[in-house]
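Report on one structure; see the data block that follows.
The values are calculated or read from the model by the stated rules, or taken from the named source; none is laboratory data. On a predicted model such as this, the values are computed, not experimentally measured, just so you know. Neighbour counts are summed over all protein chains in view; Cβ atoms, including those assigned to glycine, are modelled from backbone coordinates with ideal geometry.
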Amino acid sequence: MISKNTVCLWFNNDALEAAQFYAATFPESEVKAVHHAPSDYPSGKQGDVLTVEFTVCGIPCLGLNGGPAFKHNEAFSFQIATDDQEETDRLWNAIVSNGGQESACGWCKDRWGLSWQITPRVLSEAITDPDPAVAKRAFEAMMQMGKIDVAAIEA
């Protein structure tokens, strides 16, 4: 059954490959169903994978193989809260080493163009600290980073 609210992500005919990567990489993630086109359509043929139902960290998603017309951009991202440096490194490195690219302040982009914020909980807590000096120091440290360094944020 399709969820009441599902994130629909447009892919250029590789939604299944992306969904399988997300399912293998992120906790509480899985490929739930693969649906094939019942007839030809503008960017594909009958029998091609048309949509893929999957979850990313429990969030229901639908990958739509819509063709090359639309590209992902930073206006949409998944923000993944991590518990420690080990988890931060594992997720960041999985995305970047699988054809992705690094960005700033904990952001990276996967090989399909989706943006990810790999955000240690300690960072979120520090930049919202009630003490403005603590929040400012943490924020300024984050602004100098690509992948977040938990020890540097804690310092």
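Observations
- Given (1) closer than 28 Å to ILE148 by Cβ; (2) surrounded by 13 or more Cβ atoms within 10 Å (Cβ to Cβ); (3) at pLDDT below 95, number of the condition ASN73 does not satisfy: (2)
- Cross-chain or 6+ apart pairs with Cβ under 6 Å, the range 21-50 first and in contact (Cβ under 8 Å) with a residue 40 or more places away in the chain and among the hydroxyl-bearing types (Ser, Thr, Tyr), then surrounded by 15 or more Cβ atoms within 10 Å (Cβ to Cβ) and outside any loop (DSSP other than H, G, I, E, B): THR25/ALA94
- Each residue in the range 70-88 was checked for being over 17 Å from the mean Cα position of the chain (by Cα) and touching a residue at least 40 places away in the same chain (Cβ under 8 Å), and 3 of them qualify.
- Figure legend. Inter-residue proximity from the range 111-131: first residues without any contact (Cβ under 8 Å) to a residue 40 or more places away in the chain and under 18 Å from ASN93 (Cβ atoms), second residues assigned to a loop (DSSP other than H, G, I, E, B) and among the basic types (Lys, Arg), beta-carbon distance below 8 Å, spacing 6+ or different chains. Indicated pairs: ILE118/LYS147.
- Residue match in the range 103-121 (condition: closer than 22 Å to ASN5 by Cα, touching a His at 6+ places or on another chain (Cβ under 7 Å) and assigned by TED's automatic domain parsing to the domain that holds GLU17): no
- The residues of the range 1-36 that are β-branched (Val, Ile, Thr) and part of a loop (DSSP other than H, G, I, E, B), listed by number, are ILE2, THR6.
- Listed by position, the strands (runs of 3 or more DSSP E) contained in the range 43-155 that have at least 3 residues being of a type outside the set (Lys, Arg) are 49-56, 59-65, 77-82, 115-120.
- Residue count, the range 128-155 (criterion: among the β-branched types (Val, Ile, Thr), buried (at least 18 other Cβ atoms within 10 Å of the Cβ) and at pLDDT 95 or above): 2
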